[in-house]
Amino acid sequence: MSPATSTVPSGPPAVRELTIGIADMIAYAGATWDWHRLHYDPAYLSEKRLAAPVVDGQVFGALVAAQAQDWAGPGWRLAELEFTFRNLVFAGERVRCEAEVVRSGDDGVELRHRVVVIDADGVEERVAVEPARSLLVLQPRRCAP
Amino acid sequence: MSGLAEHAAALVGRRTVYTAPEEFGAAAFRYYARAVGDHNRLYTDAGYARTHGYRDVVAPPTLVCETNQYADLPMDAEGYAGHTWRIEIPDTRTVRGGNSYVFHRPVHPDDRITATWEILDARVKTGRQGGEMLVVTSRATYTNQAGERLVENTETIIFVSLEAPR
C-alpha cells in the first residue's frame, strides 16, 4: 500500500446553495427507507405543532460530506465528520453550505462548515447546522482486497 | 415529562444489534448519491474508484449510518422503519442534536453491515425556552461480515416538550 501524493487543493471549498423541495425529500426517503411522518404528513405535523414537513437532518451530513470530498478530490478520504443542528429546515427552504480550511497537517486537512437557511436574495435567515467540521486524510493508492 | 430523570437513568447501557440480511449492493450507493445530488464518481463508477486506490465503488460516507435499508424492522406508528430506542414520552417531539462520525475504512458493495447501538448517556436538561427536554446520546458501531470496523456514529437525540414553558 503506497501513500497517495495528492496535494491540498488551493482555495476554499466551493459554496453550495440549493433548495430542498418535497420531491428531494421523497427521493431521500426512498434512498434511505426513512418514511417518518415528520417528513411529509400534515396531520402528524399539526399534532407536533410544526408548520411544514421537516427535512431529514442527515441530509445535511450528506451535503457537508460532499462539500468536503468534492473540494479535496478523490485522492483524499473523509475520516471524520461532526455537526450540531441549530434549527429545523422545512420543505421548500433554500440553504447555503459554507466551508473554510482551518488546518492542514500530516494527519490530514480539517475543514469548518456551516449550513444556513437563506432567503430569495441569499440573505441568511437562520443557522441550520453549526458548528460542523470534517477531517480528510490521504487515500492510499491501493487498498487491501 | 414528569419522572423523566428516573426514566433517563434507566436508559443508559441499553444495547441493540442489527445485521443486514444481505450485502449492501452498489445500487444503494447510486440511489443515495442521486437523492442528495452528489455526482462523485467514486460512488458509481468502479473503474474510476479503482484508479484512485479503491477495490470497487465506495458508499457515500454517511449512507451506512442510515440503518433503515438493512435493519429489516417493521414500520412503527410514526412511519419509521429504522432503529429507535422506542422511547415513548407523551407530549414531546423528537429532534436531532447532532452527529459525530469516524470513518475507519470505505464501505463497499459486498460489505454486509452489522450495526451495534448503545446508549451512552441520557439526561434531562432545560431548553432555551425554559421547557424540559431529555437528551439521549447513543453510539452506533458499524462492522462488516469479517468483523472489520467501518464507521462509528455518535448521535444525540432530543425529546422536546410540547408543553408551554414555565
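The values are calculated or read from the model by the stated rules, or taken from the named source; none is laboratory data. No experiment lies behind these values; they were computed from the predicted model shown. Glycine gets a Cβ as well: all are built from the backbone with ideal geometry, and neighbour counts include every protein chain shown.
Screening A:Val129 with (1) over 21 Å from A:Thr7 (Cα atoms); (2) away from every other protein chain (no Cβ under 11 Å); (3) of a type outside the set (Lys, Arg) gives one miss only, at (2).
Under the condition of being more than 15 Å from the chain's Cα centre (by Cα), of a type in the set (Val, Ile, Thr) and closer than 19 Å to B:Ala27 by Cα, the residues counted in the range B:45-86 number 2.
Among the residues of the range B:40-49, which ones are at the interface with chain A (Cβ under 9 Å from one of its Cβ atoms) and of a type outside the set (D, E, K, R)?
B:Asn40, B:Leu42, B:Tyr48, B:Ala49
Taking the condition of being under 24 Å from B:Tyr54 (Cα atoms) and under 13 Å from the mean Cα position of the chain (by Cα), how many residues in the range A:98-141 meet it? Please lay out each step first, then the result.
Filtering the range A:98-141 for residues under 24 Å from B:Tyr54 (Cα atoms) gives A:104-111, A:134-141.
Add one more test, that the residue is under 13 Å from the mean Cα position of the chain (by Cα), and what stays is A:111, A:134.
Count: 2.
Among the criteria (1) under 22 Å from A:Gly30 (Cα atoms); (2) more than 8 Å from every other protein chain (Cβ to nearest Cβ); (3) touching a Gly at 6+ places or on another chain (Cβ under 7 Å); (4) surrounded by 16 or more Cβ atoms within 10 Å (Cβ to Cβ), the one B:Asn99 does not fulfil is (2). Here is the figure for the range B:50-77: residues that are at the interface with another protein chain (Cβ under 7 Å from one of its Cβ atoms), surrounded by fewer than 16 Cβ atoms within 10 Å (Cβ to Cβ) and under 25 Å from A:Leu45 (Cα atoms) total 1.
How many of the residues in the range B:107-136 are in contact (Cβ under 8 Å) with a residue 40 or more places away in the chain and either in contact with a Cys (Cβ under 7 Å, 6 or more places away or on another chain) or over 16 Å from B:Asp91 (Cβ atoms) (or both)? Result for the range B:107-136: 18.
Restricting the range A:78-97 to residues that are farther than 18 Å from A:Arg16 by Cα and of a type in the set (Asp, Glu), which is nearest to the chain's Cα centre (by Cα)? Taking the candidates together, the pick is A:Glu82.
Counting only helices (runs of 4 or more DSSP H) that sit completely within the range B:1-119, those holding 1 or more residues that are modelled with pLDDT of 95 or more and of a type outside the set (Gly, Ala, Ser) correspond to B:26-35, B:46-51. Applying the criterion of at least 3 residues that are within 9 Å of another protein chain (Cβ to nearest Cβ), in contact (Cβ under 8 Å) with a residue 40 or more places away in the chain and in contact with a strand residue (DSSP E or B) (Cβ under 8 Å, 6 or more places away or on another chain) to the strands (runs of 3 or more DSSP E) found wholly in the range A:1-109 leaves A:76-85. Quick check: anything in the range B:148-162 surrounded by 20 or more Cβ atoms within 10 Å (Cβ to Cβ), assigned to a strand (DSSP E or B) and small (Gly, Ala, Ser)? There is at least one residue in the range B:148-162 that is surrounded by 20 or more Cβ atoms within 10 Å (Cβ to Cβ), assigned to a strand (DSSP E or B) and small (Gly, Ala, Ser). Return yes or no: is B:Thr126 of a type in the set (S, T, N, Q) and surrounded by fewer than 15 Cβ atoms within 10 Å (Cβ to Cβ)? Judged against the criteria, B:Thr126 is a match. On inspection, B:Asp111 passes the criterion of being of a type outside the set (Gly, Ala, Ser), out of contact with any Asp or Glu (no Cβ under 6 Å at 6 or more places or on another chain), more than 8 Å from chain A (Cβ to nearest Cβ) and over 28 Å from A:Ile20 (Cβ atoms).
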